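Take a look at the structure set out below.
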Amino acid sequence: MNVELVAAIAPIHRQLAISGILYMGAAGLIGITMWVRRKPQDANYRGILSIGWVLGLVIGALGLIMLLAGANPRDPIHILYGIVTAISVPGMGAWQIQRGHSDLVKPRFYAITALFVMGVMIRGMMTAS
């Protein structure tokens, strides 16, 4: 195990996970506000979701580097939470394209997805070492 690499990346991984939790929570609240106010999804909200998704990918990439360096989470399901985080927002986008939802409906489903991802990230922190 490369202890120095893991020791360097672990605190960054942890702090970005906290940031991801807060960010996706805010994205969920913004989506709920848009839905309640009957505001259509716009480029700003798509950007918010994209930033949250990329943040999740960066967190996952750091976790993968630590895994390849020999570190293991306390519970292997931690890895599954990372995978779910990575596929949730694009999966919701694909589902909405398939269903043909209008821009007025999309914020509701993206808000639910963002809050779901926030919960998965919280659960992931609980299963980390």
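Computed from the C-beta positions of SER50 and MET125, the FRET efficiency with R₀ = 30 Å rounds to 0.85. Over the chain, dividing the summed -39,500 (n - 2.57) contributions of all DSSP H runs of at least 4 residues by the number of residues returns a 222 nm mean residue ellipticity of -29000 deg cm²/dmol.
For the chain, the direction-averaged projected area of the alpha-carbon convex hull comes to 7.5 nm². In a fully extended conformation the segment linking ARG108 and LEU68 would gain 10.6 nm over its present Cα-Cα distance, using 0.36 nm per residue. Helix 77-99 and the long axis of the chain differ in direction by around 20°, with both axes built from C-alpha atoms. GNM remark for the chain: springs join alpha carbons under 10 Å apart, and the peak mean-square fluctuation among MET92, MET24, MET118 falls on MET92. Rounded to the nearest 20, the Cβ-based charge dipole of the range 35-129 about its Cα centre (Lys and Arg +1, Asp and Glu -1) stands at 380 debye. Accessible surface for the chain, divided over its residues, is 58 Å² per residue with a 1.4 Å probe. For the range 42-122, the set of trypsin sites (Lys or Arg not before Pro) satisfying both a DSSP loop assignment and a count of at most 14 other C-beta atoms within 10 Å is given as ARG74.
The values are calculated or read from the model by the stated rules, or taken from the named source; none is laboratory data. Treat the numbers as computed from the prediction; the structure is a model and nothing was measured. Virtual Cβ from ideal backbone geometry, glycine too; neighbours counted across all protein chains shown. Note: accessible area is taken over every heavy atom of the protein model, side chains too, but ligands, DNA and RNA are not part of it. Shrake-Rupley method; radii C 1.70, N 1.55, O 1.52, S 1.80 Å.
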